[in-house]
1. Residue by residue through segment 356-368, note down the ones that are more than 8 Å from ligand 2 (Cβ to nearest atom) and either assigned to a loop (DSSP other than H, G, I, E, B) or not assigned by TED's automatic domain parsing to the domain that holds Ala294 (or both).
2. Could you run through segment 193-207 and say how many residues are in a loop (DSSP other than H, G, I, E, B), of a type outside the set (Asp, Glu) and touching a Phe, Trp or Tyr at 6+ places or on another chain (Cβ under 7 Å)?
3. For the condition within 22 Å of Pro135 (Cα to Cα) and surrounded by fewer than 22 Cβ atoms within 10 Å (Cβ to Cβ), what is the one hit in Asn313, Asn367, Asn284?
4. Is there any pair linking a residue in segment 69-81 that is within 18 Å of Val120 (Cα to Cα) to one that is of a type in the set (Val, Ile, Thr) and crowded, with 18+ Cβ neighbours inside 10 Å, with Cβ under 9 Å and at least six apart or on different chains, and which?
5. Given the conditions (1) at pLDDT below 95; (2) crowded, with 19+ Cβ neighbours inside 10 Å; (3) more than 16 Å from ligand 2 (Cβ to nearest atom), which single one is not true for Ala303?
6. Being touching a residue at least 40 places away in the same chain (Cβ under 8 Å) and either under 23 Å from the mean Cα position of the chain (by Cα) or within 16 Å of ligand 1 (Cβ to nearest atom) (or both) is the filter here, so list the residues in segment 315-339 that pass it.
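The values are calculated or read from the model by the stated rules, or taken from the named source; none is laboratory data. On a predicted model such as this, the values are computed, not experimentally measured, just so you know. Backbone-built Cβ (ideal geometry, glycine too); neighbour counts: all protein chains shown.
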Amino acid sequence: MKPRLKQQGMTLIMLLFIVGLTATGYLLHGLNPTTVKIERNKKTVEALAEAKAAIVGWSVKNDTPGKLPCPEDVAAIGFTTEGQEMAAAGNCPSNIGRLPWRSLGVGDLRDGYGERLWYVLSPGFRVSPINSDTPAQLMVDGVASRAVAIIFSAGPIVGGQVRPTPTAATPPDVIQYLDLSNNDGDNAFITSGASVNFNDELLVINHDDLFGAVEKRVAGEVLNCLEIFAATNGGKYPWASSLAPVDYIEDIATLTGRLPDSPGGGNWSGACAIPAGGSGWWLNWKEQVFFSIADEYKPTGAAATCGSCLTVNPPSASADKKIVVIVAGKAIVGQNRAVNTTLTSYLEAPNSVGISFSQQHSTPAFNDVVVYR
Ligand SMILES: [Ca+2]
Ligand SMILES: [Ca+2]
């Protein structure tokens, strides 16, 4: 090889070496501990959010709206049914355990450390009555009634934790995953602690997260039942049951009140979600749901034109609504549900007057869920 060519060859090798070093540098930079931690945290945050949406969705679609699933059935670990919830007609054998990912339809959901998520539900969300006034009983960081459920990412081991591969015979022990007072079996949880013995990440499902969605479903089911009734009754709706007494009997000439158990003297349609005789899941809700019909669409009305119907403002000042359905939401400050014979115990102005109505975002001072046609 000529000296010049040899020199060029060496230069090329040096160049490749430098390029290689630079590339390795980028790779090392890509895997630096901070970046890895950010990626792990991102995956954990996404998994927690997906689990939360799935739990709320499960409750909304349940035959008993507002009910929460039990944790994982540990007897199914290692079997094709792994990830299903504990079977329980009423209360769960345990309120804390791993997320029942299969029952929730989210796949084998893992946090940023490859661990399955954990989950705890509040007492009171398995056995009727379950409705807007069912209180959240989980305390978080000393705040009472903070959560109806909590989802946890356990993170890697801390302190003296040991995690053998879980099996049905040796199910995962909460003490080996959740930390400090999060694993002591009571209803109080914490979101932080000294890093040498605490690394749990928590996502809370609060009362509004759950019931904001559940109440919309209930309102929709009721409106659907009333629409089905009208479709087979000349476009006209049933009379309401007056506020007092609370008997769910249709009262002639009553335009605003609760739903009667026997509209028009019969049952709600089999195509509608309210069971015959006003029973089943509806028992949990019927005291908290009201409706109002426009005079034109009462049983003795003409059902011809909405010249002067009901107003729901916002969204509109037009008196063009045939029917309004309102789910009360939980009692707000000043409302006493023990007094169940007056609208003001349930609804906020102007809905509490029962003549004209308003649809608003939920706030501490207004939480009626209003739907209409
Ligand atoms: Ca932990
Ligand atoms: Ca209300």
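1. Residues of segment 356-368 that are more than 8 Å from ligand 2 (Cβ to nearest atom), as a first pass: 356-365.
If the condition is that a residue be more than 8 Å from ligand 2 (Cβ to nearest atom) and either assigned to a loop (DSSP other than H, G, I, E, B) or not assigned by TED's automatic domain parsing to the domain that holds Ala294 (or both), then Ser356, Ser358, Gln359, Gln360, His361, Ser362, Pro364, Ala365 are the ones that fit.
2. First, pick out the residues of segment 193-207 that are in a loop (DSSP other than H, G, I, E, B): 193-200, 206.
Keeping just the survivors that are of a type outside the set (Asp, Glu) gives 193-199, 206.
Pick out the ones that are also touching a Phe, Trp or Tyr at 6+ places or on another chain (Cβ under 7 Å) and you get none.
Residues meeting the conditions: 0.
3. Details: Asn313 fails: within 22 Å of Pro135 (Cα to Cα); Asn367 fails: surrounded by fewer than 22 Cβ atoms within 10 Å (Cβ to Cβ).
Answer to the selection: Asn284.
4. Within 9 Å, the pairs are Pro69/Ile55; Pro71/Ile96; Pro71/Val120.
5. (2)
6. First pass over segment 315-339, keeping only residues touching a residue at least 40 places away in the same chain (Cβ under 8 Å): 315, 321-331, 337.
Within segment 315-339, Val325, Ile326, Val327, Ala328, Gly329, Lys330, Ala331 meet the criteria.
One line per residue, one yes/no per condition, for (1) touching a Ser or Thr at 6+ places or on another chain (Cβ under 7 Å); (2) modelled with pLDDT under 95; (3) not acidic (Asp, Glu):
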{"site": "Glu250", "(1), (2), (3)": "yes, no, no"}
{"site": "Thr256", "(1), (2), (3)": "yes, no, yes"}
{"site": "Gly278", "(1), (2), (3)": "no, yes, yes"}
{"site": "Ser292", "(1), (2), (3)": "yes, no, yes"}
{"site": "Ser308", "(1), (2), (3)": "no, yes, yes"}
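To keep it simple, each residue is scored yes or no on (1) surrounded by fewer than 20 Cβ atoms within 10 Å (Cβ to Cβ); (2) assigned by TED's automatic domain parsing to the domain that holds Gln360; (3) of a type outside the set (A, V, I, L, M, F, W, C); (4) farther than 24 Å from Thr311 by Cβ.
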position: Tyr177; (1), (2), (3), (4): no, no, yes, yes
position: Val222; (1), (2), (3), (4): no, yes, no, no
position: Trp239; (1), (2), (3), (4): no, yes, no, no
position: Gly277; (1), (2), (3), (4): yes, yes, yes, yes
